[in-house]
Amino acid sequence: MTTVLNHHDDRASPTALRERAGMRLRARQGADAVDAPEAAQEARGRGQGPEGGAPPFRAVAELPAVPRADGLPDPAPLAANLALRVIEVLAGARNIDQLSRWVSDSVFVHLLRRTTISERTRKIAGTPVQRPRLWVGEPYIATPRDGVIEAVVLVHQPNRTRAVAMRLDVVGSRWRASAMTVL
């Protein structure tokens, strides 16, 4: 069962849109979705991938954490990982709900709309969902004022390079994307 957003959904709250996205994911995964996280967690505990093979490949290199005077975590690793995950969401290889903790409601709704458009385009063209091969460049970080970070990350694919620009604001003791553009 596939749920399609219609023109009435534009007025829905971000929480309602997130719930609908989660329902679509559960409908696609079927009954086996309940057992999958426990099996993956158990495999990770043994140092293996989800299927029991080699450990999963990490596309983003671990960036060294630079201590900050304000006690906040270094935003560079978050910017690099968030850019990678956004491109995967737009390609259909990752569920958008996995980003909900790290983006504001307005960014989530914008990504959900773009994801829906990409999904429809793939369906019309008959193109299957494939995990893209990506290389993430080092983030360019700017601090316009305290508690605000603006970052640009280049995400390289074999046939093109995309720039992901984002604004990270402090929420509590962590960073959260309040604006994001994929070029």
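Other residues lying with their Cβ under 10 Å from the Cβ of Leu168 contribute a combined charge of +1, Lys and Arg counting +1, Asp and Glu -1.
Can you tell me how region 71-183 classifies by the Cα gyration tensor, rounded, prolate or oblate, using a/c under 1.5 as the rounded cut? Prolate, since a/c reaches 1.5 and a/b exceeds b/c.
Read-outs throughout are calculated quantities, based only on the coordinates presented, and are distinct from any laboratory measurement. Since the structure is predicted, the reported quantities are computational estimates derived from the model, not experimental observations. Cβ coordinates were reconstructed from backbone atoms using ideal geometry, including for glycine residues, and neighbour counts include every protein chain displayed.
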